[in-house]
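Written below as structure tokens is the structure these notes are about.
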Amino acid sequence: MNTNLRNTNLENFEYATITSENKLLRSAFSWMALAMLLTSLTAYAFASMDSLLSLLFQQTEEGFRPTIFAYAAMFAPLIFVMAIGFGFQRFSYGTLIGLFVAYSVINGISFSTIFLIYDIGSIAKVFLSTTALFAVMAIAGYTTKTDLSKLGSLLMIGLIGIVIASLINFFMHSAKMDYIISILGVVIFTGLTAYDVQKIKNMGFQAEGTGIANKLGIMGALTLYLDFINLFLFLLRLFGGKKE
């Protein structure tokens, strides 16, 4: 009679589960940190160097106007996100890394205009506040025993709602609606941070030893990166001090 199951050490099994969960989370957070670094350095470089800034804006008699390159940098991130999402199964791990790195750099080019609108001290304060809030919610998502799946579904519905509201307000130019959208955006992406961390944690053990484990690290990093970036942008719209 086989007694292996009866003699299994549950503590070792639990340790193996936690180790595999942490491995995927470590991968996701490592790639996310690299993406944030690339985005920040690129944004600052384009904002502070006239030779790079001239690629985004050209001076006319009526003032500065965005160049074709600026419009490309604005819409290209969406294309990269779609490419990574739809090509997850088809692309190799190396290709996904390349797309993710390129996406981070192009996002930095797009975000360089932030330094032209907001005071750099204000940007730094909001960034640190976002980091602290993100860290708290990430820890909460990792440690909570509550299943956040239902919350995640509600938050995704809310996300669709603010996207639609943002498109409507693009034509209405309502400051009040923009304020409400920003508050809702902070609430939604704060909750999504905890939900996504728990989701990646739960995927860790299931993906261990499979061929897609490394790819899931990139997808997890992309998800967390988007949570952080959107949380930062909404907080900046609420509390960022604009230049005179």
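Derivation of every value follows stated rules applied to the coordinates shown; laboratory data play no part. Values in this document were obtained by computation on a predicted structure and should not be read as measured data. Here Cβ is always computed from backbone atoms with ideal geometry, including for glycine, and neighbour counts include all displayed protein chains.
Some observations on this one:
- A P(r) calculated from all alpha carbon pairs of the range 10-239, with 5 Å bins opening at zero, reads 1, 6, 12, 16, 18, 18, 13, 8, 4, 2, 1, 1, 0, 0, 0 percent.
- Each peptide in 87-95, 221-229, 234-242 gets a packing score, the mean of other Cβ atoms within 10 Å over its residues, and the list from highest to lowest is 221-229, 234-242, 87-95.
- Spacing of the two label points (7 Å from each Cα toward its C-beta) at ASN214 and THR131, in nm: 3.0 nm
- Karplus 3J(HN,Hα) series, Hz, for the range 110-127 with 6.51 cos²θ - 1.76 cosθ + 1.60 (x for Gly, Pro): 5, 7, 4, 5, 4, 5, 8, 9, 10, 5, 5, x, 5, 4, 5, 5, 5, 5
- Dimensions (Å) - the range 130-244, Cα atoms, principal axes, largest first: 53, 28, 27
- Over every Cα atom in the range 116-162, the radius of gyration and the widest Cα-Cα span, Dmax, amount to 15.1, 43 Å.
- Cross-link pairs beyond the 26 Å C-alpha cut-off, checked among LYS176/LYS242; LYS150/LYS201; LYS23/LYS145; LYS176/LYS201; LYS176/LYS243: LYS176/LYS201
- Order by protection proxy (mean Cβ within 10 Å, highest first), peptides 36-43, 79-86: 36-43, 79-86
- Annotation: Cα Rg of the range 106-196 relative to the compact-globule expectation 2.2 N^0.38 Å equals 1.26.
- Rounded tilt (10° steps) of 149-172 against the dominant C-alpha axis of the chain: 10 degrees
- Amide H within-cut-off set for GLN58, under 5 Å, with H built and near neighbours excluded: ARG65, THR67
- Integer Hz, Karplus 6.51/-1.76/1.60 couplings in order for the range 103-108, x for Gly and Pro: 4, 5, 5, 5, 4, x
- For TYR118, distant residues with modelled amide H under 5 Å away: LYS243
- Rounded tilt (10° steps) of 68-86 against the dominant C-alpha axis of the chain: 10 degrees
- Mean projected area (nm²) of the alpha-carbon convex hull when the range 53-130 is viewed from all directions: 6.8 nm²
- Folded to 0 to 90 degrees: helix 175-207 orientation relative to the chain principal axis, Cα: 30 degrees
- Computed from label points 7 Å out along Cα-Cβ, the spacing between ARG90 and MET74 is 2.9 nm.
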